[in-house]
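The values are calculated or read from the model by the stated rules, or taken from the named source; none is laboratory data. Small disclaimer: the values here were computed from a predicted structure and weren't measured. Heads up, the Cβs are rebuilt from the backbone with ideal geometry, glycines too, and the neighbour counts pull from every protein chain shown. For the accessible areas, the whole protein counts, side chains as well, though only heavy atoms, and no ligand, DNA or RNA atoms are used. Shrake-Rupley method; radii C 1.70, N 1.55, O 1.52, S 1.80 Å.
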Amino acid sequence: MSRLPVIIGMGGINPAGRTSMHHGYRRLVLDALPADAQRKTLSSLAQLMNLPAEMIDRQFIESHTLIRQLESNLFDPSALLHHQKLGLAAGSVIQVKTRQLPSPLPAHWQLLKEEDGISHVQLMSAETLLQPAFRQAIVNSAGQLPMGFSPAELYPSRNHPRGLQLSIYGASDAIQSLGFDWADIGHFLAPDELGVFAGSSMSQLDYNGNGGMMQARLLGKRVTSKQCPLGFAEMPADFINAYVVGSLGGTGTNMGACATLLYNLSQGIDAIRSGKHRLVIVGNSEAPLLPEVFDGYSTMGALATDQGLTQLDGLAPGTAVNHRRACRPFGNNCGFTLAESAQFFVLCDDELALTLGATIYGAIGDIFVNADGYKKSISGPGAGNYLTMAKAVACARAILGESALPKSYVLAHGTGTPQNRITESHILSETAKTFGISHWPVTAIKSYVGHSLGVAAGDQLAVALGVWAEGIIPGITTINEVADDVYQDNLHILLDHLQVPASELDVAFINAKGFGGNNASAAVLAPHVATDMLQKKHGQAAMTAYWQRNEKIQAAVSDYDEECIAGQRSPIYRFGEGVIDSNALGYTSSAVNVPGYEKAVNLNLANPYPDMV
């Protein structure tokens, strides 16, 4: 019997705000929403930004969310520390505090004298020293979290890297959005029927993670005992297991550059469809807004620099750049915009969703991953994305029939680079022509929130689920027209929001193109499609009982949202709580009983190779 992976919870944080209850999505289409929905989302943002609830300044909130000029909470872009080479000629005499003399003394240093704690040293040959200096950043646009939001202050963060702080917040938001107590899972599932697949495509690169491990000695500091272990790329999953849900089930991450979230989501849905896991938490967290990361991507020519934006808009030197419009997918553009984000989704099989009464936000038809084959440049695009998009559309056709394809749209990867606008538009145009889609809506939300690297498809998925809640596909509002070299046959590249009744959108296609040839495309099924499929499988009586159970869940989710807006909810962080004593495990040859779970881990395993033994 087939198992449909349905999405029953979502949470996280990105430059648009909190993910649960579609608040982040609603920030993108704020002006198109009814007044009450606008008010609620602004209130949610005000709480995140630590603004007084009674004094919501809409202009301030809008100016300090989404892509904007780099702020100084992470580093000062006007004074980036670096080391300037300083050449000293042979014979130069320098004075050094005696206690700071290197030991052993370099062979070409001759100690002349020492007095009052100062050593006089003559350089017997030319020497190059490194002098601390400061420079102005060439990239000053970023998709930053809402101003004033500090995940480190919401729980005992203990010098955790920022990416892990975001993981705690995002996974907590997803778990608390479920509408039932996580401890109740133990009544329905065995410990090994859970899975957590989460990570970071670039690992934790700030000073509390790998960045500090690599920099400390060069900065005259010591490496700490936390920097190495907390820097691992799969650490978001480890933190969720250890401090948020206490899972003993499957775990890990599957990395694929900018397609990483879809890689993890693919791993999760495969586990559900095979029956290996019945519930999975899937997500990614990325905190790449660091001077070194900006240097890396800008040196590649990948980022939109201030100079590039100035030339693009024909501005006079010294004219202020519109950083809000830095990312311009499918328009005349000059590079992508880095962003930070954490997005997490809770999925389970259809039978468990009905049993729990969980809200079904959508379902995953399938995800397809293909490499590019032989390449000239490891960072350049290739043929693989043609395959993933074609298979994603073919999958939707196989599930729902030809009639569903005109009732679909695309959340493009849409980075905002000249190369992407050409290559991805050609892929989408050819796919649309092949499958007879005449006017395929295409949007690209990186124009609002930037490129969060491994999390990017999670930003897209959260928006897709929001579209089914409000019936508004966000347009690419940072461009006035589509660039001349963009392929547009059979496409409708949205420059403005498109209002469509949610019942007339059956499928959302999410596309991701990653460096190295990491391509992934997903077919996401609408909630009304998923519930229709469940009714056919389980029958009307089962669905009626489900909807009755769901009323309680919906009320609990609404309460959670109101408590978040009121500042009455904190991230889940259970440090040292509920640790299982190995002596408390109940072993037999056929099962292992774990405290807190009514169902045991089954040891009566079937032979996976019956035809070989």
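Residues of region 157-171 that are open to solvent by 10 Å² or more (accessible area, probe 1.4 Å) and part of a helix (DSSP H, G or I): Arg162, Gln165, Tyr169.
Check region 31-51 and report whether any residue there is more than 24 Å from Leu178 (Cα to Cα), among the charged types (D, E, K, R) and modelled with pLDDT of 95 or more. Taking every residue of region 31-51 in turn, at least one turns out to be more than 24 Å from Leu178 (Cα to Cα), among the charged types (D, E, K, R) and modelled with pLDDT of 95 or more. Going by what's in this entry, would Lys433 be described as touching a residue at least 40 places away in the same chain (Cβ under 8 Å), out of contact with any helix residue (DSSP H, G or I) (no Cβ under 8 Å at 6 or more places or on another chain) and among the charged types (D, E, K, R)? Yes, satisfied. In region 172-193 there is no residue that is part of a loop (DSSP other than H, G, I, E, B), farther than 30 Å from Lys552 by Cα, under 26 Å from the mean Cα position of the chain (by Cα) and not hydrophobic (A, V, I, L, M, F, W, C). Any residue in region 416-425 that is open to solvent by less than 10 Å² (accessible area, probe 1.4 Å), of a type in the set (Gly, Ala, Ser) and under 24 Å from Leu312 (Cα atoms)? Scanning region 416-425, I find at least one residue that is open to solvent by less than 10 Å² (accessible area, probe 1.4 Å), of a type in the set (Gly, Ala, Ser) and under 24 Å from Leu312 (Cα atoms), so the answer is yes. As for region 42-57, it holds at least one residue that is in contact with a His (Cβ under 6 Å, 6 or more places away or on another chain) and assigned to a helix (DSSP H, G or I).
Each residue in region 339-362 was checked for being within 14 Å of the chain's Cα centre (by Cα) and closer than 15 Å to Ala174 by Cα, and 5 pass. Say whether the condition of being at pLDDT 95 or above, open to solvent by 50 Å² or more (accessible area, probe 1.4 Å) and more than 30 Å from Ala287 (Cβ to Cβ) is met by at least one residue in region 140-153. No, every residue in region 140-153 fails to be at pLDDT 95 or above, open to solvent by 50 Å² or more (accessible area, probe 1.4 Å) and more than 30 Å from Ala287 (Cβ to Cβ).
Determine if region 386-409 includes at least one residue that is in contact with a Pro (Cβ under 6 Å, 6 or more places away or on another chain) and either assigned to a helix (DSSP H, G or I) or closer than 19 Å to Val507 by Cα (or both). Let's see the steps before the verdict.
Pass one, region 386-409, residues in contact with a Pro (Cβ under 6 Å, 6 or more places away or on another chain): 409.
Add one more test, that the residue is either assigned to a helix (DSSP H, G or I) or closer than 19 Å to Val507 by Cα (or both), and what stays is 409.
For region 386-409, residues in contact with a Pro (Cβ under 6 Å, 6 or more places away or on another chain) and either assigned to a helix (DSSP H, G or I) or closer than 19 Å to Val507 by Cα (or both): present.
Just a yes or no: is a residue in region 511-531 among the hydrophobic types (A, V, I, L, M, F, W, C), more than 23 Å from Gly454 (Cα to Cα) and at pLDDT below 95? No, region 511-531 has no match at all. Looking across region 42-82, the residues that are touching a residue at least 24 places away in the same chain (Cβ under 8 Å) and either on the phi > 0 side of the Ramachandran plot or of a type in the set (Lys, Arg) (or both) come down to Asn50, Leu66, Arg68.
Among the candidates His64, His83, His120, single out the residue that is open to solvent by 50 Å² or more (accessible area, probe 1.4 Å) and not polar (S, T, N, Q). If you could, list the steps in order and put the result at the bottom.
Working: His64 fails: open to solvent by 50 Å² or more (accessible area, probe 1.4 Å); His120 fails: open to solvent by 50 Å² or more (accessible area, probe 1.4 Å).
Sole residue among the options that is open to solvent by 50 Å² or more (accessible area, probe 1.4 Å) and not polar (S, T, N, Q): His83.
Within the option set Asn518, Asn490, Asn480, Asn511, being under 22 Å from the mean Cα position of the chain (by Cα) and open to solvent by 20 Å² or more (accessible area, probe 1.4 Å) holds for one residue only, Asn518. Restricting attention to region 367-393, the residues being in contact (Cβ under 8 Å) with a residue 40 or more places away in the chain and within 21 Å of Ser429 (Cα to Cα) number 18. Specify the residue that is most open to solvent (accessible area, probe 1.4 Å); the eligible residues are those in region 359-385 that are charged (D, E, K, R) and assigned to a loop (DSSP other than H, G, I, E, B). Per the criteria, the residue is Lys376.
Among the residues of region 521-532, the one identified as within 24 Å of the chain's Cα centre (by Cα) and of a type in the set (Val, Ile, Thr) is Val524.
Residue by residue, here is whether (1) more than 28 Å from the chain's Cα centre (by Cα); (2) among the aliphatic types (A, V, I, L, M); (3) at positive phi; (4) open to solvent by 60 Å² or more (accessible area, probe 1.4 Å) holds:
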| residue | (1), (2), (3), (4) |
| --- | --- |
| Ala541 | yes, yes, no, yes |
| Asp561 | no, no, no, no |
| Glu577 | no, no, no, yes |
| Ser582 | yes, no, no, yes |
| Ser589 | yes, no, no, yes |
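The requirement of being closer than 30 Å to Leu585 by Cα, without any contact (Cβ under 8 Å) to a residue 24 or more places away in the chain and assigned to a helix (DSSP H, G or I) is satisfied by Pro229.
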